[in-house]
Amino acid sequence: MEAQRAPADLPDGFGVAVVREDGKWRCAPMRSSSLKSLTAAETELRELRSAGAVFGLLDVDDEFFVIVRPAPAGTRLLLSDATAALDYDIAAEALENLDADLEEEDLEDSDPFEEGDLAVLSDIGLHEDVLGVILSETDLYADEQIGRIAREMGFADELSAVLDRLGR
């Protein structure tokens, strides 16, 4: 029996919602639409209604990832590779939401670089310097970088269980 494939217009990858509540980590798969639309991802994360920290990790085609962290004052974002905006709508949407003043020519002539809030997870266990080191490891695929984030923060087992259920 062949695994069900996402519709052709959706990128390959995964979205995982991560919740820290009462000192424990929980991870859950996000809908595939979260890989195409930042708005869809943000809405899904807001619907979790947790008293603790909530954020999403979106791996898009193993090319780049987005950290989405809704908050009452506005959603905090980190895009691991701003140059992905040339090929992916969700990356372009992230740059727009970040008010990044980048021209297409800037992106075309650039090596991959992150854009957004490096301190997005600093209050819950991932210092911005550590995230910066993970992002600088350009030989890693996005899913491997997400795995490093999970190990650093202490939810690697929970993430692994979700990815196993997703067949990744």
Find the residue count for region 15-30, including only residues that are surrounded by fewer than 19 Cβ atoms within 10 Å (Cβ to Cβ) and touching a helix residue (DSSP H, G or I) at 6+ places or on another chain (Cβ under 7 Å). 3
With (1) in contact with a Gly (Cβ under 6 Å, 6 or more places away or on another chain); (2) under 19 Å from Glu144 (Cα atoms) as the list, and Leu98 as the residue in question, which single condition is left unmet? (2)
Those residues of region 117-134 which are open to solvent by 40 Å² or more (accessible area, probe 1.4 Å) and either within 13 Å of the chain's Cα centre (by Cα) or among the aliphatic types (A, V, I, L, M) (or both), in sequence order: Asp117, Leu118, Val130, Val133
Select from region 23-46 the residues that are hydrophobic (A, V, I, L, M, F, W, C), touching a residue at least 40 places away in the same chain (Cβ under 8 Å) and closer than 18 Å to Ile124 by Cβ and list them in ascending order. Trp25, Cys27, Ala28
Considering region 65-87 alone, what residues qualify as being farther than 19 Å from Ala119 by Cβ and of a type outside the set (Val, Ile, Thr)? Ala84, Ala85, Leu86, Asp87
Per the list (1) at pLDDT below 95; (2) more than 12 Å from the chain's Cα centre (by Cα); (3) open to solvent by less than 40 Å² (accessible area, probe 1.4 Å); (4) within 26 Å of Thr138 (Cα to Cα), residue check on Leu35 breaks on (2)
Residue set Glu137, Glu96, Glu105; condition modelled with pLDDT under 90, over 12 Å from the mean Cα position of the chain (by Cα), loosely packed, with under 14 Cβ neighbours inside 10 Å and farther than 19 Å from Ser32 by Cα; output residue Glu105
Sort out which residues of region 140-152 are assigned to a helix (DSSP H, G or I), open to solvent by 20 Å² or more (accessible area, probe 1.4 Å) and touching a residue at least 40 places away in the same chain (Cβ under 8 Å), and write them in order of number. Asp143
Taking the stated definitions as given, is Glu42 touching a strand residue (DSSP E or B) at 6+ places or on another chain (Cβ under 8 Å) and either among the basic types (Lys, Arg) or open to solvent by 30 Å² or more (accessible area, probe 1.4 Å) (or both)? yes
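The values are calculated or read from the model by the stated rules, or taken from the named source; none is laboratory data. Values in this document were obtained by computation on a predicted structure and should not be read as measured data. Because the Cβ atoms are built from the backbone with ideal geometry, glycine has one as well, and the counts that use them run over all protein chains shown. Just the protein is used for accessible areas: all its heavy atoms, side chains included, with ligands, DNA and RNA removed. Shrake-Rupley method; radii C 1.70, N 1.55, O 1.52, S 1.80 Å.
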